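Visitor: I have a structure here, written as structure tokens, and I will follow up with some questions on it.
The values are calculated or read from the model by the stated rules, or taken from the named source; none is laboratory data. Given the structure is predicted, the values throughout are model-derived calculations rather than measurements. Note: ideal-geometry Cβ built from the backbone for every residue, glycine included; neighbour counts use all protein chains shown. These accessible areas exclude ligands, DNA and RNA; they are computed on the full protein's heavy atoms, side chains included. Shrake-Rupley method; radii C 1.70, N 1.55, O 1.52, S 1.80 Å.
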Amino acid sequence: MHHRLSKVLLALPPAAYLVVFFAVPSLLMLLASFRYPGEYGGLAPWYYIDDGQLSLDLTTENWLRLVESTIYLGLLLKSLGFALLTTLICALMAYPLALTIARSPKRHRDLLLLLVILPFWSNFLVRIYAWMIIFSPQGALSEGLNAVTGLLGLEPVNLMFSSTAVIVCLVYVHLPFMILPLYANLEKHDPALLDAAQDLGANARQRFWKITWPLSLPGIYAGGVLVFIPSLGIFAIPDLLGGTNGIMIGNVIKQQFVEARDWPFGSVLSLVLTAITLMLVAIAGRFGRPKGTANG
Amino acid sequence: MLEIIDVSRRYGEYLALRDVNLRVHAGEFFTLLGPSGCGKTTLLRSIAGFDHPDSGDILLDGKSLLHLPPEKRPVHTVFQSYALFPHMTVADNIAFPLRMAKLDKTEIARRVEEVLEDVRLPDKARHYPQALSGGQRQRIAIARALVNRPRLLLLDEPLSALDAKLREQMQIELINLQKDIGITFVYVTHDQGEALALSHRIAVMNQGEISQIDEPAQLYNCPGNRFVADFIGQCNILDGTVIESHSDRVDVELDGLGRISLSAHIPANLHSGERCALTLRPEKIRLAKQLEANDAELHFRGQVHDTLYMGDVTIYIVELGEGVKVEALLANSAPGRARLFDPGDTVEIAWHADAGHLVR
């Protein structure tokens, strides 16, 4: 009895946090998605009292707008594609790095990890502005690249305000979120397992694909979730670097709330994004669990 | 079949192996025994291929193993931590070496089933290692190392993680398994009791060198030097000086005990005046309030200094004069008594002139 009480008490603060900052806002958004926009932004009242009779003033037209127009669904798909590509590139870049750090001598590891998280010490927006300078047509990168394309007789490339710029910056910003969980996973691997595999006849490639890789999957799923979700909803990077081509669903949601002042439709798009995210977390949670723990 | 020839290994200043020579016969249960840091694990890892000797050679069936990486050596290891793959079922763990060897599926399935029978865990094939007990994991680790029929099985302190009861049971199983399958075992342990119980022959190692290689009984009864005498079992080591060496006996002046004449187990070429030590097992010593005189025995009188109650036996530490103490033990066969003598009691002790073993 005592034990159960302490369990409940321990679970209470996070549960309360989730209710207040996630469940309640989500329900408010759900309600908002069926309401009319207010005349000057915000929301119109969702009920009125006429002759002492309570009437609801709700509509499904916000949701119909989403379904009827291909623009938003297309943009959602494109954003999913961007986030997926970002996650893949991050995984490909982070894996060798995390593995190198995890297998380097203990005294070097802390320094290497410090280097990984060093970018966090400067402001996010400042770092994106830095990329604007790098990508700008007068920047060394563009000029260098166009010198090469010029020699080859190709059209000059414009890096700024492109999908490429958005992806590069998304990868840059989110890479540490892939490296850290992956490192945390790889670092825990028992080196005796690799010795055992080698002893039993596995060459270097087999040792990686049969032992290291499957054991690191939970780390990849964890990192994948940490990269994919913020990439999917991000608006600052496409705002600054994407131009019209690089726009993502996050920008549209922001536009609905800030510029178009259409909160109900903004709520619809947000809810769809939240639903997709929750689904993906559930899937990653299912696959991310290490094998064998279910039986144990 | 396995020959270690003049193998040395140095880590910086530290000499882990020094001119190690030994020969393991086919079908033998051979044990490397020694305290931690004696080089036994380095030697084992050198045979497996995870460590490389600086000089010397390691031959298996007359062919050098040194140029082969671990995965190409016909030698498998049972690791101290078992190193079972946590993401694979028991069956997949055991099938691992067979898949690496690219055997066909039906053959793999047949062999996995067979070896699971051998270690008496046929119903655990679909379990994950985490769901098994320590003893079961141990058996799976052995099954995995045996399934591809290595020429040689290396075992690195495989029982050290088990509790005492289970360890004894696993020792019996290991002996029987080795007898049944006939594969040569090279076993590493720091536990002298385990080594004595399991092995056909034991190499005692100390500071990177082989101290003695012998059968268990020979090692116990005739230790070749002080280290072996001290490391294996309880042993009284009485220092002295050789007075005169004869063909069948040697006269020795034991420090604080005076001159005695010993027979049997005398090392060759003992010179007069040379320092030596008599190694004497506590159970070879008779102890009583009074002992009848016997010509074949050496007789001493002393005072009980301390007693250690061990349950089945009590150890009596008897001072024979001038700081010379010997340990003797008596079985507690009398009902209801923890000890027969108390500290301060005067007792007589005796041992046969051929009971001990003289070492340099």
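Visitor: How large is the dipole of the protein assembly as shown about the Cα centre if only Lys and Arg carry +1 and Asp and Glu carry -1, each at its Cβ, rounded to the nearest 20 debye?
Guide: Roughly 1920 debye, rounded to the nearest 20.
Visitor: While we're here: Could you give the angle, 0 to 90 degrees to the nearest 10, between helix A:163-187's Cα long axis and the longest principal axis of the Cα atoms of chain A?
Guide: Once rounded, one gets 60 degrees.
Visitor: Give the long-range amide H neighbours of B:Val313: residues separated by 5 or more places, or on another chain, with amide H under 5 Å away, using H modelled in the peptide plane at 1.01 Å from N.
Guide: Under 5 Å from the amide H of B:Val313: B:Asn332.
Visitor: Rank these by accessible area, largest first, 1.4 Å probe: A:Thr212, B:Thr106.
Guide: B:Thr106, A:Thr212
Visitor: Sticking with this one: Before rounding to the nearest 500, sum -39500 (n - 2.57) across all DSSP H runs of length at least 4 in chain B and divide by the residue total; then give [θ] at 222 nm in deg cm²/dmol. List each step's numbers first, then the result.
Guide: Details: 8 runs with 84 residues, N = 360.
Result for chain B: -7000 deg cm²/dmol, rounded to the nearest 500.
Visitor: Quick one: check the C-alpha center-to-center distance for the stretch A:187-209 versus the stretch B:284-328, whole angstrom.
Guide: 56 Å
Visitor: What do you get for the angle between helix A:213-233 and the principal long axis of chain A? Use alpha-carbon atoms, 0 to 90 degrees, nearest ten.
Guide: For A:213-233 against chain A, the angle is about 30 degrees.
Visitor: Now a separate question. On a 1.4 Å probe surface of the protein chains, which of B:Glu253, B:Glu113 comes out largest in accessible area, and what is the full order?
Guide: B:Glu113, B:Glu253
Visitor: Take the alpha carbon atoms of the stretch B:18-150, find their radius of gyration, then divide it by 2.2 N^0.38 Å using N residues; give the quotient.
Guide: On the way: Rg = 16.4 Å, N = 133, 2.2 N^0.38 = 14.1 Å.
Relative to the 2.2 N^0.38 Å estimate, the stretch B:18-150 comes out at 1.16.
Visitor: To test your reading of the geometry: what angle, between 0 and 90 degrees and rounded to tens, separates the Cα axis of helix B:164-181 from the longest principal axis of chain B?
Guide: So the inclination is approximately 60 degrees.
Visitor: Still on this model: B:Arg226: accessible area at probe 1.4 Å, nearest 10 Å²?
Guide: 90 Å²
Visitor: To the nearest 100 Å², how much accessible surface do chains B and A cover up together, summed over both, with a 1.4 Å probe?
Guide: Summed over both sides, the interface buries about 2100 Å².
Visitor: Which net charge results when you count Lys and Arg as +1 and Asp and Glu as -1 among the other residues whose beta-carbon is under 11 Å from that of B:Lys325?
Guide: -4
Visitor: Please go through the stretch B:1-105 and write out the GluC sites (Glu not before Pro) that DSSP classes as loop and that have at most 16 other C-beta atoms within 10 Å.
Guide: For GluC sites (Glu not before Pro) across the stretch B:1-105 that sit outside H, G, I, E and B with at most 16 neighbouring Cβ atoms in 10 Å, the list reads B:Glu13.
Visitor: Let me ask another. The stretch B:52-67 to the stretch A:6-50: how many Å between their Cα centroids?
Guide: 74 Å
Visitor: What is the sum of charges, Lys and Arg at +1 and Asp and Glu at -1, for the other residues whose Cβ falls under 15 Å from the Cβ of A:Phe257? Walk me through the numbers on the way to the answer.
Guide: Values: positive: A:Arg35, A:Lys254, A:Arg261; negative: A:Asp239, A:Glu259, A:Asp262.
That sum, taken over residues with Cβ under 15 Å, equals 0.
Visitor: So, R0 is 41 Å and r is the distance between the beta-carbons of B:Tyr309 and B:Glu215; what FRET efficiency does that work out to, to 0.05? Don't skip to the answer; put the middle values down first.
Guide: Values: r = 33 Å, r/R0 = 0.80.
E between B:Tyr309 and B:Glu215, to the nearest 0.05, is 0.80.
Visitor: Next up: Quick one: go through the stretch A:66-91 and flag any residue whose amide nitrogen is under 14 Å from the point 7 Å out along the Cα-to-Cβ line of A:Ile283.
Guide: Counting only backbone N, you get A:77, A:80-85, A:87-88.
Visitor: Out of residues 5 or more away from B:Leu155 or on other chains, whose amide H comes under 5 Å of its own, with H placed 1.01 Å from N in the peptide plane?
Guide: B:Val78, B:Val186, B:Tyr187, B:Val188
Visitor: If you count, for each residue, the other Cβ atoms within 10 Å and average over each peptide, how do B:141-150, A:100-109, B:15-24 line up from highest to lowest? Mind dumping the intermediate values first?
Guide: On the way: B:141-150: 22.9, A:100-109: 12.7, B:15-24: 19.1.
Listed from highest to lowest mean packing, they are B:141-150, B:15-24, A:100-109.
Visitor: Set the Förster radius R0 to 30 Å, insert the Cβ-Cβ distance between B:Ala288 and B:Ile243 as r into 1/(1 + (r/R0)^6), and round the FRET efficiency to 0.05.
Guide: Once the sixth-power term is evaluated, E becomes 0.55.
Visitor: A further question on this structure: B:Cys222 accessible area, nearest 10 Å², 1.4 Å probe?
Guide: 20 Å²
Visitor: Would you mind checking which residues have amide H under 5 Å from B:Asn236's amide H? H placed 1.01 Å from N; only 5 or more apart, or other chain.
Guide: B:Leu280, B:Arg281
Visitor: Run through the DSSP bridge list for the protein assembly as shown and note the antiparallel percent, rounded to the nearest 5.
Guide: Close to 80 percent.
Visitor: Shielding of B:97-104 by partners, i.e. mean partner chain Cβ atoms within 10 Å per residue? Spell out each step's value before the answer.
Guide: On the way: counts 6, 2, 5, 9, 2, 1, 0, 0.
What the average comes to for B:97-104 is 3.
Visitor: Taking each residue in A:199-209, count the Cβ atoms of any other chain within 10 Å of its Cβ, then average. What number comes out?
Guide: The shielding value for this peptide is 6.
Visitor: In debye, nearest 20, what is the charge dipole magnitude of the stretch B:1-42 about its Cα centre with +1 on Lys and Arg Cβ and -1 on Asp and Glu Cβ, if you could check?
Guide: Computed about the Cα centre, the dipole is about 100 debye.
Visitor: Follow-up. Which length gain, in nm to one decimal place, applies between A:Leu12 and A:Thr244 when the Cα-Cα distance is subtracted from 0.36 nm times their residue separation?
Guide: Working: separation 232, 0.36 × 232 = 83.52 nm, distance 4.54 nm.
Full extension from A:Leu12 to A:Thr244 adds 79.0 nm.
Visitor: Restricting the count to DSSP beta bridges whose residues both fall in the stretch B:2-227, what percent are antiparallel, rounded to a multiple of 5?
Guide: Taking every DSSP beta bridge with both residues in the stretch B:2-227, the antiparallel ones total about 50 percent.
Visitor: Grab the other residues whose beta carbon is less than 12 angstrom from that of B:Ser211, score K and R as +1, D and E as -1, and report the net.
Guide: 0
Visitor: In peptide B:79-91, what is the residue-averaged number of other protein chain Cβ atoms found within 10 Å of each Cβ?
Guide: On the way: counts 6, 1, 6, 3, 10, 5, 11, 11, 12, 5, 3, 0, 0.
For peptide B:79-91, the averaged partner shielding equals 6.
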